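See structure below.
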Amino acid sequence: MINIIIKCLKKMKRILRSGIKRDFATLKMELISPFRRIILRKHVADKKAFLGLKDDVCCKRVIIFPPTIDWDMPLYQRPQQLAVSYSNKEDIVVIYITKNLQYDKVSTVKKVKENLWLVNDSFSADLKEYLETAREKIVSISWTINKRYLELLQPDRVIYEYIDELEIFGGYGSEMEKDHLEFLKNSDVAVCTATKLYRQAEKYAKKPLLSPNAGDYDFFVNTDSYEIDPIIKDKIKPYKCVLGYYGAIASWFDYELIKSVAEKHSEWVFVLVGVDYDGSIYKSEITKMKNIVYVPPQPYRNLPGFLKAFDIAMIPFVINEITLSTSPVKLFEYMAAGKPIISSKMPECLKYQSVKTYSNEDEFCEIVDGYMAMEPENKYWEVLRKEALENTWDTRTDEILNAL
């Protein structure tokens with residue numbers, strides 16, 4: 001590109017020196033023709049990339065995810081997990097649209113795996129042309145701000161994912177509340193990830209479905225085969241018990257409880273891995289404690305190296321309007337890894353026998369002591385594995401497709 005610009009400048013210099021009169025249109029054509037060739041080559045490349053997608057979707061069901069979070073962000077969450085699971089099913093192709101907000105670098109179209117494509121949002125308007133041969137187009141929406149994609153893509157059916165209280169979404173307001181009700185009423189299935197959300201949705205939705213989050217069992221069941229990540233390996237050696245957490249860390253995290261327990265039990269170490277979502281972890285000053293180790297967000301593929309070190313996996317959230325409706329993805333990943341689980345009394349955690357819940361600091365400590373004393377032949381481990389196998393992403397996507 002730099003060489004072309006230099007050539008254009010030299011050409012302009014020659015034209016001006018020549019003293020030959022040229023009309024503006026001719027001059028413009030001479031100067032922009034190199035750039036036009038670049039644009040034309042790029043356009044041809046774009047077309048070729050999309051032709052592969054067009055061939056892939058022929059006579060298949062296509063499920064499209066409008067942009068929410070980057071595909072390659074460290075927190076691998078429900079949208080990516082659903083997309084992978086759908087793409088593993090026969091005769092389904094998934095298109096995941098990305099805005100390349102921070103982690104993705106998709107110029108046009110990128111094939112992630114068999115039957116799963118990433119598409120740059122700039123080309124969303126072109127998608128309809130390449131999906132004409134698909135057997136059926138389904139749009140899965142979890143953020144009402146993406147309603148414009150229904151007009152853009154004109155799907156045959158719509159899945160509306162009611163995954164959290166609306167207040168946590170960007171752009172929350174009366175318009176979002178209005179659009180939310182419209183999605184509940186008009187979507188072919190309204191998927192609710194928590195009982196509280198389901199109770200709200202069933203008043204309006206023509207087909208509500210309670211379908212909590214889940215875990216990638218095949219990935220996390222191999223946790224024991226990993227080496228403990230070197231970031232924490234030496235830091236946890238002096239302690240008798242490692243209590244771990246990974247995921248978003250924000251104001252809903254019970255800093256006061258963890259700080260108090262850490263002060264009383266200097267023989268325990270707390271490992272917290274994840275993004276400081278709202279800056280609250282440093283405000284809490286919890287990271288100043290010797291037996292609390294904070295690790296910034298890690299790639300999804302590296303999580304087993306941290307999980308391997310956990311003697312007990314935690315979900316220490318305060319109980320509020322947000323967490324009353326929260327179905328933590330990590331809950332099912334902890335199960336798959338075979339880690340004993342301790343959680344506050346969040347309704348979505350109370351549903352599982354393998355999760356021991358506490359109401360206060362004393363109960364928290366009693367549960368930890370109980371887990372540490374538990375024998376390998378205890379029936380708890382059977383329950384843990386059973387519930388992990390019952391709560392996989394393949395199970396969830398089967399439920400959703402059956403509801404359609």
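The values are calculated or read from the model by the stated rules, or taken from the named source; none is laboratory data. The structure presented is a predicted model; accordingly, all values stated were derived computationally and were not measured. Glycine gets a Cβ as well: all are built from the backbone with ideal geometry, and neighbour counts include every protein chain shown. Side chains are part of the model used for accessible areas, which takes the heavy atoms of the whole protein and leaves out ligands, DNA and RNA. Shrake-Rupley method; radii C 1.70, N 1.55, O 1.52, S 1.80 Å.
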Item checked: Leading residue by the ranking (modelled with the highest pLDDT) among those in the range 363-400 that are of a type in the set (Asp, Glu) and not in a helix (DSSP H, G or I) -> Glu375
Notebook entry, point to check: If you check every pair at least six apart or on different chains, which have Cβ atoms under 8 Å apart with a residue in the range 265-287 that is among the polar types (S, T, N, Q) first and a residue that is open to solvent by less than 10 Å² (accessible area, probe 1.4 Å) and assigned to a helix (DSSP H, G or I) second?
Noted result: Thr287/Ile281
Next item on the list: From the list Leu51, Leu31, pick out the single residue that is modelled with pLDDT under 90 and open to solvent by 40 Å² or more (accessible area, probe 1.4 Å).
Entry: Leu51
Margin query: Would you confirm whether or not the range 383-397 contains a residue that is farther than 30 Å from Ile92 by Cα and more than 23 Å from the chain's Cα centre (by Cα)?
Written below: yes
Next item on the list: Tell me which of these Leu324 doesn't satisfy, since it passes every other one: (1) under 19 Å from the mean Cα position of the chain (by Cα); (2) surrounded by fewer than 23 Cβ atoms within 10 Å (Cβ to Cβ).
Entry: (1)
Next item on the list: Pull up the range 278-297, narrow it to residues that are charged (D, E, K, R) and not in a loop (DSSP other than H, G, I, E, B), then point me to the one that is nearest to Ile258 (Cα to Cα).
Entry: Lys288
Next item on the list: Considering only the range 55-79, state which residues are in a helix (DSSP H, G or I) and crowded, with 18+ Cβ neighbours inside 10 Å.
Entry: Asp56, Val57, Arg78, Pro79
Next item on the list: Answer with yes or no whether Glu333 is part of a loop (DSSP other than H, G, I, E, B) and either free of Cβ contacts under 8 Å to residues at least 60 places away in the same chain or of a type outside the set (S, T, N, Q) (or both).
Entry: no
Note to self: Going residue by residue through the range 138-155, is there one that turns out to be open to solvent by less than 20 Å² (accessible area, probe 1.4 Å), in a helix (DSSP H, G or I) and more than 30 Å from Lys206 (Cα to Cα)?
What the structure shows: no
Next item on the list: Please note which strands (runs of 3 or more DSSP E) are completely contained in the range 157-258 and include at least 2 residues that are in contact (Cβ under 8 Å) with a residue 60 or more places away in the chain and touching an Asp or Glu at 6+ places or on another chain (Cβ under 8 Å).
Entry: 157-162, 241-246
Check: Looking at the range 291-327, which of its residues are within 19 Å of Cys365 (Cα to Cα) and without any contact (Cβ under 8 Å) to a residue 40 or more places away in the chain?
Finding: Ile292, Ile319
Check: For the subset of the range 277-311 comprising residues that are hydroxyl-bearing (Ser, Thr, Tyr) and under 19 Å from the mean Cα position of the chain (by Cα), which member is most open to solvent (accessible area, probe 1.4 Å)?
Finding: Tyr277
